[in-house]
Amino acid sequence: MGGKVYIVGAGPGNFELLTLKAYRLLQEADVILYDRLVGEEIESFLKTLGKEVVYVGKERGEKGEKRQKEINRLMKKYFEEGKKIVRLKGGDPGIFGRMAEEIEFLVENRIPFEVVPGVSSVNGAPVCSGIPLTEAENAFGFLVVSGSDSGRIRELHEKGTLVILMGGCTAKDVARNLIESGVDADRDVAVIERGSMKNQRVTITKLSELVERDFNFDSPALIVVGDVVRFARVCQNHEDRKI
């Protein structure tokens, strides 16, 4: 059997917040490459599995590009050895997790992969603290940035990613409202119906087309607006893109 890479979210740190799929893949893996923020409980669990476990976390002050090159080298090396590799990341791999760079590397090197989402600290930590991120009267949405970029919030209008939940039935109105608010009509959009389910469907288009055409999306559906939508095209062209 050939090698394969699984990019897996470890959740916010509590062992019991690992997903069932993450737990299974960790037990089935030949090699586990794990990051600094997976949490002590999960790190201790990894050491009981009898697998080849390699710490690849970036330390404070270390150049991220240098560390990423080493991670890429290891993924390719173990793949060529025919091994099943779990690339374990803290939280969710798609949120400040360099998932995009690793997908690009894997596609360029024709390495089959799957991405497995995890519980993000974005929602996991507040909810565990009793803090809802939305509330009917006073909080209709929330904004997420890294600490190092907190002074650039105004730029999110052009460079950020917008996610609209429960947007399938109102997609046309959503797109129209965004354009009227100043968002570029040519901005990429993905509408994800039945996300993560076996019958998931992803429609990639432009804001302007969302206004002009009748797509008839099913619920549940969410809308993603931003330049990162291009990675959906990359994964749709990759035979092992399933979740």
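Every read-out reported here was derived from the displayed coordinates using simple, explicitly stated rules and does not represent laboratory data. These numbers were taken from a predicted model, which means no experiment stands behind them. All Cβ positions, glycine included, derive from the backbone under ideal geometry; neighbour counts span all protein chains shown.
With coordinates expressed along the principal axes, the C-alpha atoms belonging to the chain extend over 55, 40, 34 Å, beginning with the largest. For F113, the residues whose amide H sits under 5 Å from its own are V5, D240, ignoring neighbours fewer than 5 places away on the same chain, with H placed 1.01 Å from N. Packing-based ranking of 133-139, 2-8, 183-189 yields 2-8, 183-189, 133-139, ordered from highest to lowest mean Cβ neighbour count within 10 Å.
Per DSSP helix of 4 or more residues, -39500 (n - 2.57); summed, then divided by the residues of the chain. What does that give at 222 nm, rounded to the nearest 500? Walk me through the numbers on the way to the answer.
On the way: 9 runs with 78 residues, N = 243.
Calculated mean residue ellipticity at 222 nm is -9000 deg cm²/dmol.
At an R0 of 30 angstrom, the distance between the Cβ atoms of M166 and E41 translates into a FRET efficiency of 0.35.
What FRET efficiency comes out for the pair I204/L49, r = Cβ-Cβ distance, R0 = 41 Å, nearest 0.05? E between I204 and L49, to the nearest 0.05, is 0.60. One way to sum up the overall shape of the range 143-236 is the equivalent ellipsoid from its Cα gyration tensor, whose semi-axes run 22, 17, 12 Å, largest first. In percent, what relative contact order does the range 4-123 have, based on Cα pairs under 8 Å that are 6 or more apart in sequence? Once divided by the residue count of the range 4-123, the mean separation gives 45 percent. Packing, taken as the mean count of other beta carbons within 10 Å per residue, orders the peptides 94-102, 36-44 from highest to lowest as 94-102, 36-44.
Counting only DSSP beta bridges with both residues in the chain, the antiparallel share comes to about 45 percent.
Take the cross-link list K4/K63; K66/K206; K51/K76; K58/K83; K4/K206 and give me the ones stretching past 29 Å between alpha-carbons. Write down the numbers at each step before the final one.
Details: K4/K63 27 Å; K66/K206 35 Å; K51/K76 18 Å; K58/K83 24 Å; K4/K206 33 Å.
Violating the 29 Å Cα-Cα cut-off are K66/K206; K4/K206.
For the range 204-219, putting each phi into the Karplus relation 6.51 cos²θ - 1.76 cosθ + 1.60 with θ = phi - 60° gives couplings of 10, 7, 10, 3, 4, 5, 5, 6, 7, 9, 9, 8, 6, 6, 8, 9 Hz, in residue order, rounded to whole numbers and with x for Gly and Pro. With the simple spin-label model, which puts each label point 7 Å out from Cα in the Cβ direction, the V144 to N177 separation comes to 2.1 nm.
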